[in-house]
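Engineer: Quick one: this structure, given as C-alpha cells, is what I'll be asking you about.
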Amino acid sequence: MARVVAITQARMTSTRLPGKILKTTRGKTLLEWHVERLKRCPLFSEVVIATTVNATDDPVIAEAKRLGVRAHRGSEEDVLSRFIGAAKDSRPDIVVRVTSDCPLWDPAEGGRVVEGLMQDPPADYASNSFERTYPRGLDTEALWYDVLLRMQRLAPQGQCPEREHVTIMINASRRELFLRRSVATQTLGSDLRWCVDTPEDFACIDAIYKGLDDPLASYPAVLKFVRAHPEIAALNAAIEQKKV
C-alpha cells in the first residue's frame, strides 16, 4: 500500500485577508476545520502543515501543535523546496498538495484524486482542477514523491515561478514532461467559491458552517444545502480568483 502524505500550505500574510486561517467559525479556526477534514481521508498516512520561517507565522506553528499535526518551516519564496522539506521526513510514496484556505475540503473527493493518480497506468500527477467541475476550495493535487524531486532538479536556482508555484512546471511551463490525469465530478459546483481569500469569502464559509446540521458534512450534502440557500453563494459571487 502506497504511503500517502497530505501537505497543506499555510501562512498568516494573505494580502486580501491577513490571518484568515485562524479566523473562527462555529467554535473552531478555519485551519482546524481544514485539518479535521484532511484527517478523515482514509488514504492519508499523515497530515503536515508547511509554513514559512517568518516570525509572522509563529501562530501557525502554535496552532499545528495544538491540533497535533507536524509542521515544517521553510522559505517563503521557494515554496517548492518548502514543500519537499515538509514531505521528506514522512518518507512518502505519494504527496497530496492542498492549501489551508479551504475549510470545506472533502476527504472522499480528495481521495478520488489519489485513486486517479494510481489508476492503471499510473500518472505522474492527478488533479481535480484541470477541468473545473468542483467549487474552488476542493482543489486537490496528487503526485509521486519522486516526481516532486524531479521538479526540484529541473527548476532553476534562485527566485523563479517554478519554485514559487509548486506545480506550475507540470501544469504550464514543462507540462510535456509529465503524464497528467484529470479527475472530475458529475455533481457540479464549479460556479461556487468555497476558498477563503477575502472578507466576502469568509462571510460565505461562516454562513455555510453555521447553517449545516453536520459541520463535517460531505461535498454532496454541503452542495445541496448551498443550492437551497442561494443568498449564501451570493455573498462572494463577485470575487475574482487571483491570477498565478
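Engineer: Determine, yes or no, whether PRO59 is surrounded by fewer than 19 Cβ atoms within 10 Å (Cβ to Cβ) and either modelled with pLDDT of 95 or more or aliphatic (A, V, I, L, M) (or both).
Structural biologist: Working: surrounded by fewer than 19 Cβ atoms within 10 Å (Cβ to Cβ): yes; either modelled with pLDDT of 95 or more or aliphatic (A, V, I, L, M) (or both): yes.
Answer is yes for this residue.
Engineer: Just checking, how many residues over the stretch 1-39 are of a type in the set (D, E, K, R), out of contact with any strand residue (DSSP E or B) (no Cβ under 8 Å at 6 or more places or on another chain) and part of a loop (DSSP other than H, G, I, E, B)?
Structural biologist: The qualifying residues number 2.
Engineer: Take the residues in the stretch 40-59 that are in contact with a Gly (Cβ under 8 Å, 6 or more places away or on another chain) and assigned to a loop (DSSP other than H, G, I, E, B); name whichever of them is nearest to ASP206 (Cα to Cα).
Structural biologist: CYS41
Engineer: Among the residues of the stretch 1-34, write down those that are at positive phi and in contact (Cβ under 8 Å) with a residue 60 or more places away in the chain.
Structural biologist: ARG26
Engineer: For the stretch 143-163, does any single residue satisfy the condition of being at pLDDT below 95, farther than 27 Å from ALA238 by Cα and among the hydroxyl-bearing types (Ser, Thr, Tyr)?
Structural biologist: No; the residues of the stretch 143-163 include none that is at pLDDT below 95, farther than 27 Å from ALA238 by Cα and among the hydroxyl-bearing types (Ser, Thr, Tyr).
Engineer: Sort out which residues of the stretch 62-80 are touching a strand residue (DSSP E or B) at 6+ places or on another chain (Cβ under 6 Å), surrounded by fewer than 17 Cβ atoms within 10 Å (Cβ to Cβ) and not acidic (Asp, Glu), and write them in order of number.
Structural biologist: Across the stretch 62-80, the qualifying residue is only ARG70.
Engineer: Filter the stretch 169-194 for residues that are aliphatic (A, V, I, L, M) and modelled with pLDDT of 95 or more and give the result.
Structural biologist: Applying the first criterion (aliphatic (A, V, I, L, M)) to the stretch 169-194 yields 169-170, 172, 177, 179, 183-184, 188, 192.
Selection gives MET169, ILE170, LEU177, LEU179, VAL183, ALA184, LEU188, LEU192.
Engineer: At least 1 residues that are without any contact (Cβ under 8 Å) to a residue 60 or more places away in the chain in each: list the strands (runs of 3 or more DSSP E) lying fully within the stretch 60-175 that qualify. Lay out the reasoning, then the answer.
Structural biologist: Numbers: elements: 70-74, 94-99, 125-127, 141-144.
Counting at least 1 such residues, we get 70-74, 125-127, 141-144.
The values are calculated or read from the model by the stated rules, or taken from the named source; none is laboratory data. Since the model is a prediction, treat every value here as computed from it, not as a measurement. Note that we place each Cβ from the backbone using ideal geometry, even for glycine, and neighbour counts take in every protein chain shown.
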